[in-house]
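Report on the following structure.
Bear in mind these aren't lab numbers, they're just calculated from the coordinates by the rules spelled out. Keep in mind the model is a prediction, meaning the values are calculated, not measured. Cβ: placed from backbone, ideal geometry, glycine included. Neighbour counts: every protein chain shown.
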Amino acid sequence: MIKRLFILMILALMGLIFIQLASSYTENSSLSKLGRYYVEEGPQELGAANLVTAVVVTYRGLDTLGEVTVLFISAAGVGLLLRRTRRKDDKEDLERGDRAEEAAGTHKPASEIVTTATQLLLPMVMLFGIYVFLNGHLSPGGGFQGGAIIASGTMFLLLALPESHISRLLVALTESLSGFSYVVIGVLGVIMAGGFLDNRIMGPGTYGALFSAGAIPLIYTLVGLKVGFELSAVLDRFRKDDTGPV
Amino acid sequence: MSIIAELPLSLIVLCSGLGLVLIGLWGMLTQRNMIRMIIGFSLTDTGIHMVMVSIGYVTGGTAPIINAAVPVTEAVNRVVDPVPSALVLTAIVIGLGVTAVMLSFAVRIYKARKTLMIDECTELRW
């Protein structure tokens, strides 16, 4: 009882803070100083049409590298926590679990509609993901969004064909190679241009074209591949078959 | 009806975001099922993203993407602040990573104890 009262009190106080915040809120009528600088200088300086991408990939590129690192660590953490054990008794346990599942009828194969739809849509979903991260400097989207779309394609695949196998080696190779190339591009920025992760190591290209904005499409392609494969690996880890008794 | 129509758009987003934060906090504090606590966390996370996006809104602004509709010369007066949008992009990814790790902890605890109720895990109780 006293606990409930305490919780209610905390929520009421938080609500009070929020009401204070919201009541004194006035909508901005012009950009902040920093935002104004990015909007004014971004297009000439970096050649990226999507200014959010310019901020994410170049102006605050180091933050994005940190973000990719956090995502990598969390994917590694999920992998560590839900690893498949290869001990013998565990395997027996796993088989017993499968039998119990069969008896309960929970392990039904996907229906024909889902399987056919996946075969039809999966290439398109993957292609759309690639489109989103290649056009990250021109249109809404980017590496993280494209990676998430690719991972949703993987989810589709895992739903329709639960026994399909995702190669751990391929995931690990793609992930580490794209992460490594990302850092190499960053260091190239120090040597050839203004600083770490400067995108002007390549020519600016025609403004608004696919191959423009220096290294931004390259960086976003690497980020998209890395995020897509990492999230696919996370989804794969959460599968029933993979999370045998620990 | 007219009062609602006169409210600035970003204030509505801000209030919805703050409301989501409160609902999420309530969920995290009162629910005993770990999955529900994680859902509470996700709600709080989403609420904070909404608050951040609404703070970056500029009256009458559009997405900060330069194209035929928003030429470079007019951009400064017509786009919203790109900085909070970029921050939210980062925050969404981090939130996703944290949620994934929390869910895998929940899976591990369920395997060890065959329950998702936090009350059953008494080692850390005082």
Within 10 Å of the Cβ of an average residue in A:70-78, the count of other chain Cβ atoms is 5
Given B:37-43, A:12-18, A:223-229, the highest-first ranking by average Cβ count within 10 Å works out to A:223-229, B:37-43, A:12-18
In Å, the Kirkwood hydrodynamic radius from C-alpha pairs for the stretch A:124-246 sits at 15.5
D (µm²/s, integer) via Stokes-Einstein for chain A, Kirkwood Rh across alpha-carbon pairs, 25 °C, 0.890 mPa s: value 114
By Cβ neighbour count within 10 Å, fewest first, A:Y182, A:Y25 rank A:Y25, A:Y182
Treating every alpha carbon of chain B as one equal point scatterer without solvent, the Debye formula yields log10 I(q)/I(0) values at q = 0.10, 0.11, 0.15, 0.17 Å⁻¹ of -0.48, -0.56, -0.81, -0.93
About its Cα centre, the stretch B:1-123 carries a charge dipole, from +1 on Lys and Arg Cβ atoms and -1 on Asp and Glu Cβ atoms, whose size in debye to the nearest 20 is 540
From the Cα centre of the stretch B:73-126 to that of the stretch A:146-212, the distance in Å is 23
Mean separation of Cα contacts under 8 Å (at least 6 apart) over the residue count of the stretch A:124-246, i.e. the relative contact order in percent, is 34
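What's the average, rounded to a whole number, of partner chain beta-carbon atoms within 10 Å of each residue's beta-carbon in A:55-64?
3
Can you give the relative contact order of chain B as a percent, counting alpha carbon pairs under 8 Å and 6+ residues apart?
Taking the mean separation of contacting Cα pairs over the length of chain B, I get 25 percent.
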Taking every residue of B:51-60, the Cβ atoms of other protein chains inside 10 Å of its Cβ average out to 3
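Can you give the extra length, in nm with one decimal, that the chain gains between B:Y110 and B:Q31 once fully stretched, where that is 0.36 nm per residue apart less the Cα-Cα distance?
Details: separation 79, 0.36 × 79 = 28.44 nm, distance 1.64 nm.
Stretched out fully, the B:Y110 to B:Q31 stretch lengthens by 26.8 nm.
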Close lysine pairs (the protein assembly as shown; alpha-carbon distance under 27 Å; 8 or more apart or on separate chains) counted at 15
Exposed-loop cut sites defined as trypsin sites (Lys or Arg not before Pro) in DSSP loop states with at most 10 other Cβ within 10 angstrom; longest site-free run of chain B spans B:1-113
Whole-Hz Karplus couplings 3J(HN,Hα) for the stretch B:19-25, θ = phi - 60° and coefficients 6.51, -1.76, 1.60, Gly and Pro as x, run x, 4, 4, 5, 4, x, 4
The simple spin-label model distance between A:S29 and A:V70, using points 7 Å out along Cα→Cβ, in nm, is 3.5
